[in-house]
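See structure below.
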Amino acid sequence: MCKGLAALPHTCLERAKEIKTKLGTLLQKPDSAIDFIIPYPEKPPKVQKPSPEEALQWRDSLEKLLQNPYGLTSFRSFLCSEFSEENIEFWVACEDYKKSKSPVKMAEKAKRIYEEFIQTEAPKEVNIDHFTKAVTMKNLVDPSPSSFDMAQKRIFALMEKDSLPRFVRLLPLLQKTN
């Protein structure tokens, strides 16, 4: 949910401005061998820049974008600049949750995801309808790897329909091929 500029950390705003500026440069041929790196407070894993062909596939597939570490990082930064980073954070948290093997860990992660993203007035509340919220809450009585599937699919569809087209428009290489 949009909480306004005042609720957003200053570092996120600064990083979003830098990312927006650099996105146009990232997929162009560099004049030198220096690769452009997006600055982060914590050290992210080294990710390889996608080929232009791979980046073109992002235009039509959010799934392919999110499967690529570079694409995920770029998309997350873009959503931060749009003040909707809770959507990608929720999606990533759900993916991590599904990988949990231990029922204890699964229950801990389910509680954290619910409190951070699902419950009313959560710090990073995602925009899901009442029915989806009710089904998710019912699923959390006995957590399973699929407990958040409906909510995750709704958020995925929202990002695909709303955020992805705007993200793609920022990539000059993709604009040239249209």
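Apply the a/c threshold of 1.5 to the C-alpha gyration tensor of segment 68-125 and tell me whether it is rounded, prolate or oblate. Write down the numbers at each step before the final one.
On the way: a/c = 4.66, a/b = 1.37, b/c = 3.40.
In terms of gyration-tensor shape, oblate.
Label-to-label distance for MET137 and GLU63 is 3.2 nm, based on points extended 7 Å past Cα in the beta-carbon direction. Peptides 100-107, 145-152 ranked from most to least packed give 145-152, 100-107, packing being the mean of other C-beta atoms within 10 angstrom over each peptide's residues.
Expressed as a whole percent, the accessible surface of segment 52-175 that belongs to carbon and sulfur atoms is 55, based on a 1.4 Å probe.
Past 29 Å, Cα to Cα: identify those pairs from LYS64/LYS138; LYS49/LYS133; LYS49/LYS98; LYS99/LYS124, in the order given. Let's see the in-between values first.
On the way: LYS64/LYS138 31 Å; LYS49/LYS133 37 Å; LYS49/LYS98 27 Å; LYS99/LYS124 22 Å.
From LYS64/LYS138; LYS49/LYS133; LYS49/LYS98; LYS99/LYS124, over 29 Å: LYS64/LYS138; LYS49/LYS133.
Can you compute the label reach from SER102? Point 7 Å from Cα along the Cβ direction, backbone N cut-off under 17 Å, restricted to segment 123-158. What the label zone holds, given the 17 Å backbone N cut-off, is 143-145.
The values are calculated or read from the model by the stated rules, or taken from the named source; none is laboratory data. As the structure is a prediction and not an experimental result, all values here were calculated from the model. Glycine also receives a Cβ, built like all others from the backbone with ideal geometry; neighbour counts cover every protein chain displayed. Just the protein is used for accessible areas: all its heavy atoms, side chains included, with ligands, DNA and RNA removed. Shrake-Rupley method; radii C 1.70, N 1.55, O 1.52, S 1.80 Å.
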